[in-house]
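As structure tokens, the structure follows; a few thoughts come after it.
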């Protein structure tokens, strides 16, 4: 069975946009030319990935208190939320 | 030169023959407009952004704020993807920041040859992603809440004894392990086919279920650099090879983020 992500990619977490954030972060953090910028010298690519994945996990856990925009410290344990389950908008082709 | 400024230059990508009009009406990170900074016959796509948001310390903090991270990543991607449709581009990693445009120009001069090589390499090529998941239903015992799976809870048996429960549980775990092993092998085989039909390939780390928001376990998160003219062929090869017992998702075409670093990529 093959699922097409179409031009933009497949929606996953936060599938409201055409490209899943996790897919994007795979590429923007682990990919791209790594130049030593003037201000980001201390941040190596690997650290970025770790940092961001932690950010993702934490905020998934905190997702339900996301109603208030200035979010306090997110301390909820990471968990997945069936509401966010991918699939909406993805066309499945059974083979 | 140590002029005190409160803004810095955020660089998205370096390109060649970027059409002049393609940056009009384009909104980048922090809602800023995008300009081209020229040097060595190349153009860097740049936005002037507030220093306070992009200083090293601040950035480290900001990267843990998902709202900010998502907005910035999407804005970065929007610029790269939009301009990349009209010109060859080498994307930079997220949040590459220089003091000012003069520094960006200097980097273009210093590394012009390198960028030109990368542009030659990526021109006319696109990246595709292949993700393979083992469906929860295929791995008995993986879904705790038992999404109406047959076999795990036969009705006629009535109440199960502790021993019976354990026996079934053990069998389910064994089956789940076999299903996972077989899914990994399928994923490896598919990766081989997809790689062979591509110019280069690379495996990103697989996502935890917490990240994907689904119960299916990811077993492959591959990226493939493909000649645009042959992307239909590549796609067909992957479709043909996609095994039935797993779910295969294809994403793309992407600007080749995962392949900017040459052969080792």
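Annotations for the structure displayed:
- Every condition in (1) surrounded by 23 or more Cβ atoms within 10 Å (Cβ to Cβ); (2) in contact with a strand residue (DSSP E or B) (Cβ under 6 Å, 6 or more places away or on another chain); (3) not in a strand (DSSP E or B) is met by residue B:90 except one, and the failing one is (3).
- Checking residue B:243 against (1) within 12 Å of another protein chain (Cβ to nearest Cβ); (2) surrounded by fewer than 16 Cβ atoms within 10 Å (Cβ to Cβ), the condition it does not meet: (2)
- Residue that is modelled with the highest pLDDT, among those in region B:106-157 that are within 12 Å of chain A (Cβ to nearest Cβ), in a loop (DSSP other than H, G, I, E, B) and surrounded by 14 or more Cβ atoms within 10 Å (Cβ to Cβ): B:135
- Extreme residue, surrounded by the most Cβ atoms within 10 Å (Cβ to Cβ), among residues of region B:194-210 that are within 13 Å of chain A (Cβ to nearest Cβ) and in a helix (DSSP H, G or I): B:194
- Hey, residue B:100 free of Cβ contacts under 8 Å to residues at least 24 places away in the same chain and either surrounded by fewer than 21 Cβ atoms within 10 Å (Cβ to Cβ) or farther than 27 Å from residue B:60 by Cβ (or both) or not: no
- Residues in region B:41-65 that are within 11 Å of another protein chain (Cβ to nearest Cβ), without any contact (Cβ under 8 Å) to a residue 60 or more places away in the chain and within 21 Å of residue B:80 (Cβ to Cβ): B:49, B:53, B:54, B:59, B:62, B:63.
- Of all residues in region B:211-224, at least one satisfies being assigned to a loop (DSSP other than H, G, I, E, B) and surrounded by fewer than 21 Cβ atoms within 10 Å (Cβ to Cβ).
- Checking every residue in region B:66-77 against the condition of being at pLDDT 90 or above, over 18 Å from residue A:31 (Cα atoms), more than 9 Å from chain A (Cβ to nearest Cβ) and crowded, with 18+ Cβ neighbours inside 10 Å gives zero matches.
- Residue in region B:30-39 that is more than 12 Å from every other protein chain (Cβ to nearest Cβ), part of a loop (DSSP other than H, G, I, E, B) and touching a helix residue (DSSP H, G or I) at 6+ places or on another chain (Cβ under 8 Å) present: yes
The values are calculated or read from the model by the stated rules, or taken from the named source; none is laboratory data. Remember, predicted model here, so these are calculated numbers, not experimental data. With ideal geometry, Cβ positions are generated from the backbone for all residues, glycine too; neighbour counts draw on all protein chains shown.
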